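The structure under discussion appears below in the form of structure tokens.
The values are calculated or read from the model by the stated rules, or taken from the named source; none is laboratory data. None of these values were measured; they are calculated from a predicted model. Backbone-built Cβ (ideal geometry, glycine too); neighbour counts: all protein chains shown.
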Amino acid sequence: MKKNMHPAVTPALRKSPTGIIGLDEITGGGLPTGRPTLVCGSAGCGKTMLAMEFIVRGAVESGEPGVFMMFEENEAELTANVRSLGFDLDRLVKQKMIALDHVHIERSEIEETGEYDLEGLFIRLGYAIDAIGAKRVVLDTVEALFAGLPNHAILRAELRRLFRWLKNRGMTAIITGERGEGNAITRYGLEEYVADCVITLDHRVTEQISTRRLRVLKYRGSAHGTNEYPFLIGERGFSVLPITSLRLDHAAPAGRLSTGIARLDEMLDGQGVFGGSSVLVSGAPGTGKSSIGAKFADAACRRGERTLLFAYEESSAQILRNMRSIGIDLAPWVKKGLLQIHASRPALSGLEQHLVAMHDMVQAFRPAVVVVDPISNLTLERSEAEVMPTLMRLIDFLKQQQITSLFTSLTTGGTGTSAPEDSEVGVSSLMDTWLLLRNVEFNGERNRLIYVMKSRGMAHSNQVREFVLSDAGIDLVDVYLGADRVLTGTARVAQAAHERAAAELRREDHERKLRLLAAKRKAIEAQIAALNAEGEAEAAEVQFAIAQESLQETTTQQDSAAMAQLRGGSKAGNGRTKGKR
Amino acid sequence: MNTMAETRTYDLRLYVAGQTEKSLAALVNLKRICETHLAGQYRIEVIDLTKTPQLAAGDQIFALPTLVRRLPEPIKKIIGDLSNEERVLVGLDVQAVKR
């Protein structure tokens, strides 16, 4: 990854990583190896801290021993100052990974007469370098010499010699310097001597909120990020945001994540959002943004994924209580360590500081899902031009880490004529999925509607759903589309009852008709049976008559035969027959 | 000021780096000034930092040559080849002896 970052670097130019989060990314790998780098800025802007971290991280992470020569603080002060960041200088000094040397110049003790040079400084530095086999050197700040020595001509010549000497010894060095008046980079023009790499630090206060910024002014022989980058001196030391702003090459996972709300997943192509994507939930106050955020976090925890929730409106206890009221119990996840809630006031520090702090926490906790509620509070009083790049960096960073993020945002537009989505146009372009919540006031009540404004890479629903919060949780309900507007809330319920009643009626009607039909069928069957019976009776009568007649005939024949016999067996039986008649 | 207790009160250290022109000039100048103005009251120790670099930090040496007045207190430092006698005397806080 790092190899693609600085194609402009000649193979000859080696770089020494500073180990400082973000700075190595901006410089494409670190400071030029074996050359001096000038770090300048006004008092209190973090020069010493940057230089110190360069030495400590060099020793600990890169295994390169370093000499820290200081002209202002003494060893004890410096050790105490950096201990709060978790750097144990005493131990590193004992391990011969770091050498500290405090050059104390007391103007009132010093008289100048005749020729001299700064060979003493060279000897001290050389001695310290040799003692630990140093590869890195810091001079903080060498400009103190200007205050201590009146003969600046000698000083300048000697500094030039010093920097050349450092280069010849192959030291990767940081020289710090005070920012000069006006456009001057440094007060005494050190940039003339140290020309390989120049980094400026800045500390500004706007709207009563301070922001620290870093810029790589010059980096000979190497491409570098030229923007101003916000940085923070936080609990884990110096961090420069942003890590990834130079690129747009994050992977796009095809995996999908549930939002925790089944009907919402349905609207998002039936599968929810893409893993590693960013989701914006915007809406007017009280539309249920935080609830969606909490549900999202809850769903992630249910999947066993670590989740980081940044809250800028409510304390974590308040969030736990409030979310329980809508059936989302986050407390077990917090106890399990799956969910971390960081609640702070947005006005506590500037946007950059918040983002750097978020960045640090993300680095430390390594979550799969991040929820920010709400992001709009961070951007208060800030112009969009300022906010956009910073947010972009955060989102890029999260995407780079394949972290799925959900940001809620308060829209300023009302429910009236101006569309509430207008106030989100800037931020939304950074987001992959945008859910808009809207209040509708109708029929004497306010109800919430949810729209999927966009969702990149999926066939999302274009339907409006009603968003219902209850103690059973969150649900999305189909709205009823009336003649001229959608029906929600009690109007929807009334409509549903109405439709239910109509259906009931229809059902009863059908049953009645079926019953009638059955009765009719029975009557017909009875009739058929009667007719059948009649037919059978008639048939029996006919058979009886036939039988009677054939019997008569037989009997007559027998009688004739018998009579003939009686008359003597002659065949002339006519007389008798006649006689009988 | 001429009691025996005052003898050898000036404990001086001259830091140099090898046998450079400036080092040699500083030592010559220092000896001359001391002999002239502090005869019998001084002690000079020459420290060559190219041989004992570890001693540089102790007296906070950064420029060379540097003359350190360790005694009497407070510590005073004079940097340079000591070519300006007047300034050396001011630096050492010594009253010039009129010849």
Search the stretch B:31-60 for residues that are free of Cβ contacts under 8 Å to residues at least 24 places away in the same chain and pair each with any residue that is surrounded by 19 or more Cβ atoms within 10 Å (Cβ to Cβ) and hydroxyl-bearing (Ser, Thr, Tyr) when their beta-carbon atoms are under 7 Å apart and the residues are at least 6 apart or on different chains. B:Pro53/A:Tyr127; B:Gln54/A:Tyr127
In the stretch A:292-317, which residues are in contact with a helix residue (DSSP H, G or I) (Cβ under 6 Å, 6 or more places away or on another chain) and more than 18 Å from A:His359 (Cα to Cα)? A:Ala294, A:Cys301
Can you tell me which of (1) surrounded by 23 or more Cβ atoms within 10 Å (Cβ to Cβ); (2) under 17 Å from A:Ser278 (Cβ atoms); (3) at pLDDT 80 or above is the one A:Gln401 doesn't meet? (1)
Restricting to the stretch A:149-170, name every residue that is on the phi < 0 side of the Ramachandran plot, in a loop (DSSP other than H, G, I, E, B) and surrounded by fewer than 19 Cβ atoms within 10 Å (Cβ to Cβ). A:Pro150, A:Asn151, A:Arg169
Are any residues in the stretch A:171-189 under 24 Å from A:Thr18 (Cα atoms) and either in a strand (DSSP E or B) or over 45 Å from the mean Cα position of the chain (by Cα) (or both), and if so, which ones? A:Thr172, A:Ala173, A:Ile174, A:Ile175, A:Thr176, A:Gly177, A:Glu178
Do the conditions hold for A:Thr37, that is, is it among the hydroxyl-bearing types (Ser, Thr, Tyr), surrounded by 21 or more Cβ atoms within 10 Å (Cβ to Cβ) and out of contact with any helix residue (DSSP H, G or I) (no Cβ under 8 Å at 6 or more places or on another chain)? yes
Got at least one residue in the stretch A:415-427 being modelled with pLDDT of 75 or more and either buried (at least 23 other Cβ atoms within 10 Å of the Cβ) or assigned to a helix (DSSP H, G or I) (or both)? no
Going through the stretch A:33-66 one residue at a time, which ones are over 36 Å from the mean Cα position of the chain (by Cα) and either of a type outside the set (Gly, Ala, Ser) or under 22 Å from A:Arg164 (Cα atoms) (or both)? A:Thr33, A:Gly34, A:Arg35, A:Pro36, A:Thr37, A:Leu38, A:Cys40, A:Glu64, A:Pro65, A:Gly66
Considering only strands (runs of 3 or more DSSP E) fully contained in the stretch A:429-502, which possess at least 2 residues that are among the β-branched types (Val, Ile, Thr), modelled with pLDDT under 85 and closer than 30 Å to A:Ser405 by Cα? A:473-478
Answer yes or no: is there a residue in the stretch A:160-173 that is free of Cβ contacts under 8 Å to residues at least 24 places away in the same chain and more than 14 Å from every other protein chain (Cβ to nearest Cβ). yes
Counting only residues that are more than 14 Å from A:Met458 (Cα to Cα) and either of a type in the set (A, V, I, L, M) or without any contact (Cβ under 8 Å) to a residue 24 or more places away in the chain (or both), the stretch A:266-288 contains a total of 3
Take the residues of the stretch B:43-99 that are basic (Lys, Arg) and facing chain A (nearest Cβ under 9 Å): which is surrounded by the most Cβ atoms within 10 Å (Cβ to Cβ)? B:Lys77
Any hit, the stretch A:353-367, residues being modelled with pLDDT of 90 or more and touching a helix residue (DSSP H, G or I) at 6+ places or on another chain (Cβ under 6 Å): no
All strands (runs of 3 or more DSSP E) inside the stretch A:76-148 with 3 or more residues being within 11 Å of chain B (Cβ to nearest Cβ): A:98-102, A:110-112
Output the qualifying pairs, or none if there are none: Cβ atoms under 6 angstrom, residues six or more apart or on different chains, first residue in the stretch A:226-241 and surrounded by fewer than 22 Cβ atoms within 10 Å (Cβ to Cβ), second residue part of a strand (DSSP E or B). A:Glu228/A:Arg213; A:Glu228/A:Arg215
